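Structure, as structure tokens:
The values are calculated or read from the model by the stated rules, or taken from the named source; none is laboratory data. Fair warning: this is a prediction, and the values are worked out from it, not measured in the lab. Here the Cβ positions follow ideal geometry from the backbone for every residue, glycine too, while neighbour counts run over all protein chains shown. With ligands, DNA and RNA removed, areas are computed over all heavy atoms of the protein, side chains included. Shrake-Rupley method; radii C 1.70, N 1.55, O 1.52, S 1.80 Å.
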Amino acid sequence: MEVNPPKQEHLLALKVMRLTKPTLFTNIPVTCEEKDLPGDLFNQLMREDPSTVNGAETLMLGEMLTLPQNFGNIFLGETFSSYISVHNDSNQVVKDILVKADLQTSSQRLNLSASNAAVAELKPDCCIDDVIHHEVKEIGTHILVCAVSYTTQGGEKMYFRKFFKFQVLKPLDVKTKFYNAETDEVFLEAQIQNITTSPMFMEKVSLEPSIMYNVAELNSVTQAGECVTTFGSRTYLQPMDTRQYLYCLKPKKEFAEKAGIIKGVTVIGKLDIVWKTNLGERGRLQTSQLQRMAPGYGDVRLSLEAIPDTVILEEPFHITCKITNCSSERTMDLVLEMCNTNSIHWCGISGRQLGKLHPSSCLCLALTLLSSVQGLQSVSGLRLTDTFLKRTYEYDDIAQVCVVSSATKVES
């Protein structure tokens, strides 16, 4: 009968501990009224308790800190820190000790060891310590693989590994919505929800635009000459709470003048989110490049460059239109027709020639009109005809103006 030899025990011991910030100690206050049977006993015990706050003994939060009792949660965007210690439990001197720490994710394997050089020798009751850091950039299962190799006094090479498995959770839920203005401006609404179990201090939420756009943040107002955030002085986001951030993007001049560039799917930019949790632990997330589908304008686009907000009843006012040839290949020969509506009447000659408009080029046109009806009126009735293709493009509800009587204008 064959007997397997007993498994040889290793001379070195490996210990791994996650490094996290401590938490504030909490206690459950027990008190009663003086006329009750215990009298002042409970209050006296709480005053003598070193973990309570002096003068505020009934508060659950104390002045002491508690070290982590378990591994805890790790969230995407946080920095994972771990303490690795290799201790010589034997009475022998071991040589050529090499400690290696790798982090295995679903897509890659990362080496986290500060040094890949072997330690010449390790005496009894001595240890090799290392602290590793890694900014977590993937969600899902992660495996910390710690491997130790060494040589005994007898020249035997030894090797062992330990595996530490943990899950990386998603801290925020980010949703985006795009709104296309009548001009080339794009408004981005970002909805950020805290899906963790603890409050977050939102340190920064910014939009890094692509090279095609300039961005303006619309999350602050000016009060008494100072810029104040719309979320108040304390920008905490409680668990499961959602906050909306608004940004306005406008194409840079060199891109806005080229009508063919901002078509189809365009890259807007990416959100950069920085937050802090208990005791200042920082996390950071950057979204992937946000994309939006640019609205289709057909072959010819007509937009307004200038229009007054309020006009006087039956008095002419001026607007400036911009006509853009969105085609990248075809030259157009355009004719402008102005058709009156029930409330809007155009001033000038209808059916006039605008001339040839080359691909991806534009022209500005000043027009005069008046309104015969008070109230909020839509500017409509413009027609552009391409004489080459005999194709007519109709433009209604281009913009809206508020029409008031002359007496109302004088009073305001």
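Rounded to the nearest 10 square angstrom, Arg284 shows an accessible area of 110 square angstrom against a 1.4 Å probe.
So how do Trp275, Trp346 rank on accessible area, 1.4 Å probe, biggest first, that is with the largest at the start? Spell out each step's value before the answer.
Numbers: Trp275 0, Trp346 25 Å².
Descending accessible area places them as Trp346, Trp275.
Mean-square fluctuations from a GNM of the chain, with a 10 angstrom spring cutoff on Cα atoms, peak among Gln223, Gln289, Gln191 at Gln223.
Once you charge only the Cβ atoms, +1 for Lys and Arg and -1 for Asp and Glu, what is the size of the charge dipole of the chain about its Cα centre, to the nearest 20 debye? Walk me through the numbers on the way to the answer.
Working: 40 positive and 48 negative charges, 305 e Å.
Charge dipole of the chain: 1460 debye, to the nearest 20.
Under the simplified labelling scheme, the Gln223-Glu9 pair shows an inter-label distance of 6.8 nm, with each label point 7 Å from Cα along Cα→Cβ. Percent of alpha carbon pairs in the chain separated by more than 28 Å? That fraction is 71 percent.
Computed over the chain with a Gaussian network model linking Cα atoms closer than 10 Å, the most mobile of Asp396, Asp130, Asp184 is Asp396. With the simple spin-label model, which puts each label point 7 Å out from Cα in the Cβ direction, the Phe388 to Lys123 separation comes to 9.0 nm. For the chain, what does the helix formula give at 222 nm: sum of -39500 (n - 2.57) over DSSP H segments with n ≥ 4, over the residue count, nearest 500 deg cm²/dmol? Value at 222 nm, helices only, nearest 500: -1000 deg cm²/dmol.
Rounded to the nearest 20, the size of the Cβ-charge dipole of region 172-294 about its Cα centre is 240 debye, with Lys and Arg at +1 and Asp and Glu at -1. Take Val119: with every protein chain present and a 1.4 Å probe, its accessible area is about 50 Å². For a quick check, take a GNM of the chain with Cα springs below 10 Å and name the residue from Leu172, Leu188, Leu11 with the largest mean-square fluctuation. Its mean-square fluctuation being the largest, the pick is Leu11. Atom-type composition of the exposed protein surface of region 300-404 places 48 percent of the accessible area on carbon and sulfur (1.4 angstrom probe).
Report, in listed order, any pair from Lys21/Lys175; Lys177/Lys270; Lys204/Lys270; Lys170/Lys270; Lys95/Lys123 with a Cα-Cα distance greater than 20 Å.
Details: Lys21/Lys175 30 Å; Lys177/Lys270 13 Å; Lys204/Lys270 13 Å; Lys170/Lys270 18 Å; Lys95/Lys123 9 Å.
Table pairs above 20 Å Cα-Cα are Lys21/Lys175.
Simple spin-label estimate for Lys35 and Glu337 gives 9.4 nm between the two label positions (7 Å along the Cα-to-Cβ direction from each Cα).
Using a probe of 1.4 angstrom and keeping all protein chains present, the accessible surface of region 210-352 works out to 55 square angstrom per residue.
Expressed in nm to one decimal, what extension gain is obtained for the pair Gln44 and Cys347 from 0.36 nm per residue of sequence separation less their Cα-Cα distance?
Details: separation 303, 0.36 × 303 = 109.08 nm, distance 9.03 nm.
Residue separation times 0.36 nm, minus the Cα-Cα distance, leaves 100.1 nm.
Only one residue of Leu65, Ile268, Gln223 has its Cα farthest out toward the positive end of the dipole of the chain, where Lys and Arg carry +1 and Asp and Glu -1 on Cβ, and that residue is Ile268.
Using R0 = 30 Å, the C-beta based FRET efficiency linking Gln238 and Glu63 works out to 0.75.
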